[in-house]
Amino acid sequence: MSDDDEDAPPAVTLGEQTPVEGAPLARVSSRLTWPKEKSEVDRLEGNTVLRTPDGPRELSAVLEDVDETYFQRHQEFEGHVRDVIGTGPIPTADE
């Protein structure tokens with residue numbers, strides 16, 4: 001890398017940071033070890049507020065709508081949670 005590259009502006013224009021309420025689902029699942037029972041996930045992380053396309057939701061409320069009681073891997077957990085919360089753009093605090 002040359003000295004000219006270090007002085008160049010970023011290739012992508014970065015906007016102002018817009019606050020988003022809640023934690024990403026991947027962050028929550030990364031804090032846990034797997035396999036894990038749903039009740040244990042709820043005990044450990046139930047008070048965590050997740051980012052969802054419909055706005056922030058507490059994980060405990062989301063888990064009430066999950067029929068599975070045991071998750072072998074974090075991917076399985078995330079899949080079941082996404083089935084409940086959906087996928088899509090996350091609203092910002094300004095929206």
Some residue of the range 65-73 being assigned to a loop (DSSP other than H, G, I, E, B), of a type in the set (Lys, Arg) and modelled with pLDDT of 95 or more: yes
Within the range 4-40, residues among the small types (Gly, Ala, Ser) and either at pLDDT below 90 or outside any helix (DSSP H, G or I) (or both) come out as Ala8, Ala11, Gly15, Gly22, Ala23
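The values are calculated or read from the model by the stated rules, or taken from the named source; none is laboratory data. Note that this is a predicted model, so its numbers are computed, not measured.
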